[in-house]
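Visitor: My structure is below; once you've seen it, I'll send some questions.
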């Protein structure tokens, strides 16, 4: 689904069928992609970055940020999710990404809001009272008051992981770039 949304945002025409008339994607993937299209049609935004990698030796981690967008003059860090539920650790992931962004841009304030775009939401209608949602999708914006705690929890989790995996080394693999029978 991420690849479909990235291609769509890049202006590419994304087709369900290939040139031979065969279905290119699982219907569950296409359903979530169509929810993304509806979200994009409903929510006017400027995409600043899409699927961008951040790496920090100083912080000791890296990540791929799905979207950084501008909506009504505010900058949103958005993670696209297709799971059956919203897990608490998503907010820790976004807190970590926000730190990567702040380091990369050497600024304490780059992102105004963090949010999850949930493409498998149980919503049936457009939202009320300013909610940003449609049938099957929802933009869930994290309260800014919770973001500091999310970062504390991420750092505690990272510290625990490092303690449990202190002897772990990266696997170095090599792969052939092509194969032919």
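The values are calculated or read from the model by the stated rules, or taken from the named source; none is laboratory data. A quick note: this is a predicted structure, and the numbers were derived from the prediction, not measured. We place every Cβ from the backbone using ideal geometry, glycine too, and count neighbours over all the protein chains shown.
Visitor: I'm trying to understand the selection: among the residues of the range 9-41, which are assigned to a helix (DSSP H, G or I), in contact (Cβ under 8 Å) with a residue 12 or more places away in the chain and out of contact with any strand residue (DSSP E or B) (no Cβ under 6 Å at 6 or more places or on another chain)?
Guide: Just the residues of the range 9-41 that are assigned to a helix (DSSP H, G or I), to begin with: 9, 27-41.
Now drop any that are not in contact (Cβ under 8 Å) with a residue 12 or more places away in the chain, which leaves 9, 29-33, 35-40.
Listed by number, the residues that qualify are 29, 30, 31, 32, 33, 36, 37, 40.
Visitor: Still on this structure: Find the residue count for the range 53-73, including only residues that are out of contact with any helix residue (DSSP H, G or I) (no Cβ under 9 Å at 6 or more places or on another chain) and under 17 Å from residue 11 (Cα atoms). So that I can check it myself, show each step before the final result.
Guide: Taking the range 53-73 as the starting set, the residues that turn out to be out of contact with any helix residue (DSSP H, G or I) (no Cβ under 9 Å at 6 or more places or on another chain) are 53, 57, 69-73.
Checking which are under 17 Å from residue 11 (Cα atoms) leaves us with 69.
Residues flagged as out of contact with any helix residue (DSSP H, G or I) (no Cβ under 9 Å at 6 or more places or on another chain) and under 17 Å from residue 11 (Cα atoms) within the range 53-73 amount to 1.
Visitor: For residues in the range 1-24 being within 16 Å of residue 117 (Cα to Cα) and in contact with a helix residue (DSSP H, G or I) (Cβ under 6 Å, 6 or more places away or on another chain), which is modelled with the lowest pLDDT? Can you show your working first?
Guide: Initially, the range 1-24 is screened for residues within 16 Å of residue 117 (Cα to Cα), giving 1-6, 8-9.
With the extra rule that they be in contact with a helix residue (DSSP H, G or I) (Cβ under 6 Å, 6 or more places away or on another chain), the set shrinks to 1, 4-5.
On the way: 1: 90, 4: 93, 5: 94.
Filtering the range 1-24 for residues that are within 16 Å of residue 117 (Cα to Cα) and in contact with a helix residue (DSSP H, G or I) (Cβ under 6 Å, 6 or more places away or on another chain), the one modelled with the lowest pLDDT comes out as 1.
Visitor: Working only within the range 131-147, note down all residues that are more than 17 Å from the chain's Cα centre (by Cα) and part of a helix (DSSP H, G or I).
Guide: Residues satisfying the conditions are 144, 145, 146.
Visitor: Looking at the range 153-181, which of its residues are touching a helix residue (DSSP H, G or I) at 6+ places or on another chain (Cβ under 8 Å) and at pLDDT below 90?
Guide: The answer is none; no residue qualifies.
Visitor: I would also like to ask the following. Taking residue 150, is it touching a strand residue (DSSP E or B) at 6+ places or on another chain (Cβ under 9 Å) and either part of a loop (DSSP other than H, G, I, E, B) or at pLDDT 95 or above (or both)? Let's see the steps before the verdict.
Guide: On the way: touching a strand residue (DSSP E or B) at 6+ places or on another chain (Cβ under 9 Å): yes; either part of a loop (DSSP other than H, G, I, E, B) or at pLDDT 95 or above (or both): yes.
Yes, satisfied.
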